[in-house]
Amino acid sequence: MSKFPKLLIATAVASLTAAPVMAEKLGLGRQATEAEIAAWNLDVFPDGSNLPDGQGDVLTGEEVFAEHCAACHGDFAEGAGNWPKLAGGVDTLADEDPLKTVGSYWPYLSTSFDYVRRSMPFGGAQTMSNDDVYAIVAYILYSNDLVDEDFTLSKETFMSVEMPNSDGFIVDGREETEYGAFTNRCMEGCKPEVVKITKNVVFPGDPNAGAVSSETAATEVAPSEEAPTEAIEAAVTFDADLAEKGAKVFKKCKACHKVGEGAKNGAGPILNGIWGRQAAAVDGFKYSKPMKALGETGAVWNEETLSGYLANPRKYLKGTKMSFAGLKKEKDMAAILEFLKANSQ
Amino acid sequence: MVDSSTKQGASRRAFLKGAAATGAALGSVGAAKAASDDPLITEVQDWTSGLGDGVDATPYGMPIEYEGDVVRRTVEWLTADQISSINFTPIHALDGTITPQGCAFERHHSGAITLKKEDYRLMINGLVDTPLVFTYEDLERFPRVTQTFFLECAANTGMEWAGAQLNGSQYTHGMIHNMEYTGVTLRTLLEEAGLGAMGAIKDKWVYVEGADASSNGRSIPLEKALDDCMIAFKANGEALRMEHGYPVRLVVPGWEGNMWVKWLRRIEIMDRPVESREETSKYTDTLADGTSRKWTWVMDAKSVITSPSPQMPIKHGKGPLVITGLAWSGRGAITAVDVSLDGGVTWQEARLAEPGKPMAMSRFYLDINWQGEEMFLQSRAMDDTGYVQPTKTQLREVRGLNSIYHNNCIQTWHVNANGEANNVEVS
């Protein structure tokens with residue numbers, strides 16, 4: 001693999017026709033401070049350079065992973081639903097259906113660390129300590145059988161990990177393998193005979209049609225004659241402005257929770273109608289044991305219970321699956337409660 | 001209204017019947033005789049006698065309700081959720097070359113964020129003479145450029161590697177848009193930070209990242225950055241939409257859409273690539289033997305017939321038919337587009353609406369007299385490097401079935417005698 005690709009910049013003609021030519025600098029902007037650069041420059045390179053201080057072991061990683069990652073990536077990094085699988089798949093890359101994971105595909109360990117530190121968990125990026133990031137990455141390595149369970153990941157041990165697919169990449173070779181071959185502009189008799197269909201379309205109609213019709217069916221069945229009375233009894237008054245502010249706060253939640261028309265269960269249960277509903281009462285959602293137990297006591301979601309839970313979920317209900325750090329600001333709490341109320345009309 | 005439209009339909013049928021009866025060739029026959037008077041013409045209509053909306057009824061105008069179907073659409077089951085997801089431009093229903101922002105496809109890795117101009121900062125650091133921070137206002141004071149480019153997601157047509165999957169050009173080819181961008185060249189900004197001390201350009205890279213949670217960092221050779229990249233704050237004359245990176249995105253002409261970082265917040269010059277998630281685990285092309293190509297940045301020449309197509313069946317019956325579509329190349333300008341009606345046995349050159357522009361979309365038309373015959377419609381683009389858009393078979397011979405990304409194969413629509421079109425593969 002060459003260190004650097006031979007670039008074909010075919011674009012010089014296009015690019016400079018209207019580009020301004022400046023004789024000297026304009027003196028715009030200001031110098032960046034060291035603290036500013038340090039805050040944004042999180043790059044970690046394949047050779048481990050620019051890794052932060054800190055460390056994390058596999059066992060700690062298992063706990064942190066269960067808390068922050070398992071809702072989407074599965075307890076053993078095997079993936080849940082359509083979310084990415086992080087473990088397994090070694091030696092499947094030439095198969096009909098390759099399984100691309102950190103273990104089977106990612107060439108550099110630095111990429112995992114860099115990505116987890118910048119972007120994970122989904123909906124709570126850059127809220128974890130460097131130690132937790134080290135621990136999570138150590139656990140992902142363990143899930144891929146790449147380290148033992150007593151392994152501790154740090155700057156010092158980083159380069160000792162061998163990634164199985166580190167030699168699996170070549171630099172774009174289209175110039176050699178394709179560009180010379182794809183030049184025949186045949187106009188007549190380009191195929192020996194009349195063409196036939198070899199494959200028909202797999203999804204013939206609107207690709208969303210299946211999903212839409214089952215939803216329609218569900219809503220058509222749902223209303224019963226008693227529904228209107230129930231709705232009136234259940235009606236709650238709410239402050240629309242505050243609820244609107246709550247919609248913004250809800251951005252913290254919506255990676256896992258859906259609300260509104262057409263909402264479905266995601267990594268968390270659907271929240272339509274949560275106000276005044278018993279805990280753990282959404283059909284088809286797999287609640288944690290403590291949440292189910294809470295529901296069995298008859299606990300109902302209201303101002304008191306919701307504000308307690310959302311302020312510090314894991315303290316309020318030890319063992320909850322909800323990987324959310326908690327709402328710190330009273331203002332945000334009031335707004336989100338109003339938003340949930342508004343979605344329970 | 002129901003009445004009049006029925007009659008209108010009847011008169012159209014009569015026209016077609018008349019045209020067929022004469023058996024005349026296209027061009028030699030004028031409009032046929034109307035069977036009856038059209039009340040849309042003979043009767044005074046409400047819109048003619050009454051008044052329409054006043055100015056400012058919609059301070060920012062949206063398409064009229066009758067065009068409500070011409071919208072971006074996602075395919076829900078393709079991704080785990082709708083935040084890290086994709087939708088598709090309704091290219092089947094558009095014409096010309098410019099994609100309106102409101103229906104230009106979206107691809108987010110951590111959702112479309114809302115970032116105010118006042119809160120926007122762009123940092124340039126790394127191997128520059130002086131690391132700098134710009135505000136949005138600063139950026140508007142640099143000399144400005146305006147140019148049109150297409151942006152194609154590397155995964156556009158990716159579903160189709162294994163077979164004919166989704167039925168519509170929107171879904172098979174809609175991860176693309178073409179806009180006129182206004183902004184500042186990346187060269188201008190990098191030179192402001194100073195390139196004097198870093199040494200040779202050849203082996204340097206820029207790393208670009210966004211302000212959203214995904215960060216979506218990508219490494220780009222400095223040579224490309226200085227050649228034609230720009231940072232854009234306007235598209236099609238107005239501010240970027242939030243879903244396209246408001247207030248500032250990167251423009252990387254001809255290269256895969258993932259590199260056009262949205263909500264651009266930092267540009268670092270470095271002596272090697274970062275090998276970020278988006279340039280190793282994603283956007284790399286796995287070959288049949290299990291090795292994978294990386295740094296496959298350029299989007300090769302490609303085209304698709306947008307109408308007729310599965311979402312745009314022929315409803316008007318036999319006679320004059322406009323076949324139209326789009327063509328583009330990341331390596332230069334489109335020089336010609338050919339269309340085949342028989343699945344690639346014979347080809348004829350289509351008409352380009354305008355001469356091709358480098359790394360921007362071209363619109364092509366082929367006007368035919370369709371007599372209800374079965375068609376296997378294909379289009380094939382040529383660019384100014386001499387490249388001819390390949391068939392799916394040609395691509396599979398080189399890359400196998402698992403490449404996912406960078407599928408620029410020739411697309412086939414099967415049109416039956418009723419004018420209905422379906423996505424197929426042919427021999």
(request) Return the lysines within reach of A:Lys329: Cα separation strictly under 26 angstrom, same-chain partners fewer than 8 residues apart disregarded; answer none if there are no such residues. (result) A:Lys245, A:Lys248, A:Lys251, A:Lys252, A:Lys254, A:Lys258, A:Lys315, A:Lys318, A:Lys321, A:Lys341, B:Lys116, B:Lys117
(request) Mind telling me which of B:Thr182, B:Thr114, B:Thr306 comes out most flexible in a GNM of chain B, alpha-carbon contacts under 10 Å? (result) B:Thr114
(request) Using the charge dipole of chain B (Lys, Arg: +1 at Cβ; Asp, Glu: -1 at Cβ; taken about the Cα centre), state which of B:Ser403, B:Thr182, B:Pro59 has its Cα farthest towards the positive end. (result) B:Ser403
(message) From the C-alpha coordinates alone, can you work out the Kirkwood hydrodynamic radius of the stretch B:78-293, in Å?
(response) 18.0
(message) Quick check on the protein assembly as shown: what are the equivalent-ellipsoid semi-axes from the Cα gyration tensor, as sqrt(5λ), descending, whole Å?
(response) 45, 37, 28
(message) Below 19 Å, Cα to Cα, which aspartates and glutamates can B:Lys318 reach? Residues fewer than 8 away in the same chain don't count.
(response) B:Asp342, B:Asp367, B:Glu373, B:Glu374, B:Glu420
(message) What does the extension gain come out to for B:Asp271 and B:Asp37, with contour length at 0.36 nm per residue minus their alpha carbon separation?
(response) 76.7 nm
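Normalised radius of gyration for the stretch A:40-94, please: alpha carbon Rg relative to 2.2 N^0.38 Å, two decimal places.
Working: Rg = 14.5 Å, N = 55, 2.2 N^0.38 = 10.1 Å.
Scaled against compact globular proteins, the figure is 1.43.
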(message) With a 10 Å cut-off between alpha carbons and a GNM built on chain A, which of A:Ser49, A:Ser110, A:Ser154 moves the most?
(response) A:Ser49
(message) Cut-off 15 Å, label point 7 angstrom out along Cα-to-Cβ of B:Lys117: give me the residues of the stretch B:230-247 whose amide nitrogen falls inside.
(response) B:232-235, B:237-242, B:246-247
(request) Note down the nm distance, to one decimal, between modelled labels 7 Å out along Cα→Cβ at B:Leu401 and at A:Ala39. (result) 5.1
(request) Would you mind listing how long chain B runs along its three principal axes, going by Cα atoms, in whole Å with the largest first? (result) 80, 59, 40
(request) Based on alpha-carbon positions alone, could you give the equivalent ellipsoid semi-axes of the stretch A:233-342 from the gyration tensor, as √(5λ), descending, whole Å? (result) 20, 16, 14
(request) With only alpha-carbon atoms counted, please give the Rg and Dmax of chain A, in Å. (result) 27.0, 78
(request) Order these peptides, A:285-298, B:388-401, by their mean beta-carbon neighbour count within 10 angstrom, highest first. (result) B:388-401, A:285-298
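Rounded to two decimals, what is the ratio between the C-alpha radius of gyration of the stretch B:302-424 and 2.2 N^0.38 Å?
Numbers: Rg = 14.5 Å, N = 123, 2.2 N^0.38 = 13.7 Å.
The reported ratio for this selection is 1.06.
Quick check: residue separation of A:Asn208 and A:Met159 times 0.36 nm, minus the Cα distance between them. What number comes out in nm?
Details: separation 49, 0.36 × 49 = 17.64 nm, distance 4.60 nm.
The A:Asn208-A:Met159 span can extend by a further 13.0 nm.
Could you give the size of the charge dipole of chain A about its Cα centre, using +1 on the Cβ of each K and R and -1 on the Cβ of each D and E, expressed in debye and rounded to the nearest 20? Kindly include the intermediate steps, with their values, before the conclusion.
Values: 33 positive and 50 negative charges, 178 e Å.
Approximately 860 debye in magnitude.
Taking the alpha carbon gyration tensor of the stretch B:128-206, what are the square roots of 5 times its eigenvalues, largest first, to the nearest whole Å?
On the way: eigenvalues 286, 67, 18 Å².
They are 38, 18, 10 Å, listed from largest to smallest.
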(request) Report, ordered by chain and residue number, the lysines lying within cross-link reach of B:Lys294, taken as a straight Cα distance under 17 Å and ignoring same-chain residues fewer than 8 apart. (result) A:Lys3, A:Lys6, A:Lys100, B:Lys224, B:Lys282
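State to the nearest 20 debye the size of the charge dipole of the stretch B:78-293 about its Cα centre, where the only charges are +1 on K and R beta carbons and -1 on D and E beta carbons. Write down the numbers at each step before the final one.
On the way: 21 positive and 30 negative charges, 45 e Å.
About 220 debye.
Given the DSSP H assignment, sum -39500 (n - 2.57) over each helix run of at least 4 residues in chain A and divide by its residue total; what's the result at 222 nm in deg cm²/dmol, nearest 500? Don't skip to the answer; put the middle values down first.
Details: 13 runs with 116 residues, N = 345.
Using -39500 (n - 2.57) per qualifying helix, the result is -9500 deg cm²/dmol.
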(request) Spit out the partnerless Cys residues in the protein assembly as shown, using Cβ distances under 4.7 Å as the pairing rule. (result) A:Cys69, A:Cys72, A:Cys253, A:Cys256, B:Cys103, B:Cys153, B:Cys229, B:Cys409
(request) Rounded to the nearest 500, what is the 222 nm mean residue ellipticity of chain B from helices alone, with -39500 (n - 2.57) per DSSP H run of 4+ residues and division by all residues? (result) -4000 deg cm²/dmol
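List the relative contact order of chain B as a percent without decimals, with contacts defined as Cα pairs under 8 Å and 6+ residues apart.
Details: 951 pairs, mean separation 65.7, N = 427.
Relative contact order comes out at 15 percent.
For peptide A:160-170, compute the average count of partner chain beta-carbon atoms within 10 Å of each residue's beta-carbon.
Numbers: counts 0, 0, 0, 0, 0, 5, 0, 1, 7, 10, 8.
Partner Cβ neighbours, averaged per residue: 3.
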(message) Can you compute the modelled spin-label distance between A:Arg30 and A:Ser307, with each label point 7 Å from Cα toward Cβ, in nm?
(response) 4.1
(request) Quick one: which residues, 5+ away or cross-chain, put their amide H under 5 Å from the amide H of A:Thr101? H built at 1.01 Å from N. (result) A:Trp106
(message) Could you compute how fast the stretch A:43-160 diffuses translationally, taking Rh as the Kirkwood radius over C-alpha pairs and applying Stokes-Einstein at 20 °C with viscosity 1.002 mPa s? Give it in µm² per second.
(response) 151
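Computed from the coordinates by the stated procedures, all read-outs in this text should not be read as laboratory data. Since the structure is predicted, the reported quantities are computational estimates derived from the model, not experimental observations. Backbone-built Cβ (ideal geometry, glycine too); neighbour counts: all protein chains shown.
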